[in-house]
Every structure is written in structure tokens, then in C-alpha cells.
1. Cα axis of helix 33-47 to longest principal axis of the chain: angle in degrees, 0 to 90, nearest 10?
2. Could you go through region 51-65 in sequence order and give the Karplus-derived ³J(HN,Hα) for each residue, using 6.51 cos²θ - 1.76 cosθ + 1.60 with θ = phi - 60°, rounded to whole Hz, and x for Gly and Pro?
3. Determine, from the Cβ-Cβ distance of residue 34 and residue 3 and an R0 of 25 Å, the FRET efficiency 1/(1 + (r/R0)^6), rounded to the nearest 0.05.
4. Under a Cβ-Cβ cut-off of 10 Å, what is the net charge of the residues other than residue 18 that fall near it, where Lys and Arg count +1 and Asp and Glu count -1?
5. Label region 1-46 by shape, choosing from rounded, prolate and oblate, from the square roots a ≥ b ≥ c of the eigenvalues of the Cα gyration tensor; if a/c is under 1.5 it is rounded, and otherwise prolate applies when a/b is larger than b/c, oblate when it is not.
6. If the chain between residue 24 and residue 12 were fully stretched, how many nm would it gain, using 0.36 nm times the residue separation less the Cα-Cα distance?
7. Given H placed on each backbone N at 1.01 Å, which residues far from residue 28 in sequence or on other chains put an amide H within less than 5 Å of it?
8. What relative contact order, as a whole-number percentage, does the chain give when Cα pairs under 8 Å and 6 or more residues apart are counted?
Amino acid sequence: MTKGKNQHVVKHPDGWTVKGEGNTKATKVTKTQAEAIEVAENIARNHHSDTKIHDRNNKIRAGNSYGNDPCPPKDKK
């Protein structure tokens, strides 16, 4: 299965936006960052890619991997 584009959540004049990595157009614009994160996570899960959550200054503050992680965590249960 091929890995899709990473999904970035970035500030937008109308709120927050989800953009596929390298895309110039937004996939979705939302009023809150939480809504944008939810959209980005759903897309990333479907595409087995990552999320990159940016702060208001456009610096990446968080993220998550939803597939093809070269160093997956080991479950110690």
C-alpha cells in the first residue's frame, strides 16, 4: 500500500485549514483548530500518512503517524 500525502493543519484567515503536503489549495477550512485536526487525522488514517499540526506562527507543534512508521512503538503489555 502506498503512503499518501502528509496532512498539515495551518492557520487560515477564516480559521484553520487542512492541506495535503505540497498542495496549494486547502482540502478543508474550519473555524477551529480542533475541527481541522479531526479532519486531518481522518484523511491521514485513510491514506496511511502523517499529520503535522502547526501553531499560529506556522511552526510544527505536534503530529502523529498513521502508517508506515519506520520505528513503531513496541507494546510492553
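1. That helix lies at roughly 40 degrees to the long axis.
2. The phi angles translate into 10, 10, 9, 9, 8, 5, 9, 6, 8, 5, 10, 6, x, 8, 10 Hz.
3. Numbers: r = 25 Å, r/R0 = 1.02.
Between residue 34 and residue 3 the formula returns 0.50.
4. Result for the neighbourhood of residue 18: -1.
5. Values: a/c = 3.15, a/b = 1.59, b/c = 1.99.
Oblate, because a/c is 1.5 or more while a/b does not exceed b/c.
6. Values: separation 12, 0.36 × 12 = 4.32 nm, distance 1.28 nm.
Length gained between residue 24 and residue 12: 3.0 nm.
7. 18
8. Working: 150 pairs, mean separation 22.4, N = 77.
About 29 percent, as a whole number.
Each reported figure results from applying straightforward, stated rules to the coordinates on display, with no laboratory input. Predicted model only: the values in this text are computed from it and were never measured. So basically every Cβ, Gly included, is an ideal-geometry build from the backbone, and we count neighbours across all protein chains shown.
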